[in-house]
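Structure first, then comments.
The values are calculated or read from the model by the stated rules, or taken from the named source; none is laboratory data. Keep in mind that what you see is a predicted model, and the values were worked out from it rather than measured. Glycine also receives a Cβ, built like all others from the backbone with ideal geometry; neighbour counts cover every protein chain displayed. Surface accessibility is based on the protein's heavy atoms, side chains included, excluding ligands, DNA and RNA. Shrake-Rupley method; radii C 1.70, N 1.55, O 1.52, S 1.80 Å.
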Amino acid sequence: MPTLIVTTHPDPDSLTHHLAQRLAQELRPPAGSISVEVADLAAEGFDPRYTLADRHTYRVGGDFTPDVAAEQERLDRATDLVLVFPVYWWSAPALLKGWFDRVFVNGWAFGLDADGGIVRKLDRLRVHLVPIAGDDAGVYDRHGYEQAMRTQLEHGIVDFCGARRGMTAFVHDSEGEDAAARTRAVETAVDAVVGAIRA
C-alpha cells in the first residue's frame with residue numbers, strides 16, 4: 001500500500017507539517033509497514049497557476065507539462081493519497097486547488113468516451129483528507145462548512161475521477177490555546193487515517 005502524503009502549508013513549523021510527519025512516521029518501517037512519500041508542494045515550489053499550456057492539456061487530453069507529468073507519476077506509484085492541508089476561507093488553500101486544477105486533468109484522471117461520457121480513471125487510488133481547521137466543530141456544524149468541503153472535495157474531485165473515498169479526519173480548533181486538546185486531535189486524526197490505510 002504505497003502512500004503519498006501531500007501537504008501545502010508554507011510554514012515548515014506548522015501543525016499541518018507536524019501532522020504530515022506524524023502520519024509518515026506511523027506508516028513507515030520499522031513502526032509501520034508501508035512505503036511512504038511526503039510531497040511538500042510549497043517547499044518544492046509547485047506552481048499552481050493554470051496556464052495556456054494547461055488549457056492545451058485539457059483540450060487534447062494529454063501533452064502534459066513536465067511538472068504535471070512528474071506529479072502524475074508520483075501519484076501513479078501510490079495506492080493511497082493523503083491530503084493534509086490548512087483550511088483557508090472554508091476551503092482548500094490555493095496551492096492545493098491549483099494542484100488539482102493542473103494535475104487531475106483530462107487524459108490522466110478522467111477522459112471522454114466515444115459518446116462524450118466521462119471515463120473515470122483513478123479507481124486504483126484511495127483518497128484520505130485531513131483538513132486542519134482553526135474553528136471548532138460546532139462552527140462547522142452550524143454553518144455547514146464541513147459538508148460543503150466534503151461535497152467539493154469528496155464528490156467534486158474524488159468521485160468525479162473514480163477514486164475511492166478513504167478517511168476524512170478534520171482537526172478542529174487548531175489555533176486554540178489548549179495544547180493538550182490539539183495534540184489529542186492530531187493523534188486521533190493520525191490513528192484514523194493510519195487505520196484506514198492498513199485496513
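Screening region 65-97 for residues that are touching a residue at least 12 places away in the same chain (Cβ under 8 Å) and among the charged types (D, E, K, R) and picking the one that is most open to solvent (accessible area, probe 1.4 Å) gives 77. Would you confirm whether or not region 146-169 contains a residue that is open to solvent by 30 Å² or more (accessible area, probe 1.4 Å) and more than 19 Å from the chain's Cα centre (by Cα)? For region 146-169, residues open to solvent by 30 Å² or more (accessible area, probe 1.4 Å) and more than 19 Å from the chain's Cα centre (by Cα): absent. Residues in region 11-26 that are in a helix (DSSP H, G or I) and either closer than 18 Å to residue 1 by Cβ or open to solvent by 20 Å² or more (accessible area, probe 1.4 Å) (or both): 15, 18, 20, 21, 22, 23, 24, 25, 26. Only a single item in (1) over 30 Å from residue 145 (Cα atoms); (2) more than 15 Å from the chain's Cα centre (by Cα) is not met by residue 36, and it is number (2).
Based on what the data block shows, is residue 173 open to solvent by 60 Å² or more (accessible area, probe 1.4 Å) and over 17 Å from residue 84 (Cα atoms)? No; evaluated as a whole, the condition is false for this residue. The set of residues in region 29-55 that are charged (D, E, K, R) and either touching a Leu at 6+ places or on another chain (Cβ under 6 Å) or more than 24 Å from residue 174 (Cβ to Cβ) (or both) comprises 37, 47, 49, 54, 55.
Residue 100 fulfils the conditions (1) aromatic (Phe, Trp, Tyr); (2) closer than 24 Å to residue 146 by Cβ; (3) buried (at least 21 other Cβ atoms within 10 Å of the Cβ) except for a single criterion, (3). Scanning region 61-84 for residues that are closer than 19 Å to residue 122 by Cα and part of a helix (DSSP H, G or I) yields 68, 69, 70, 71, 72, 73, 74, 75, 76.
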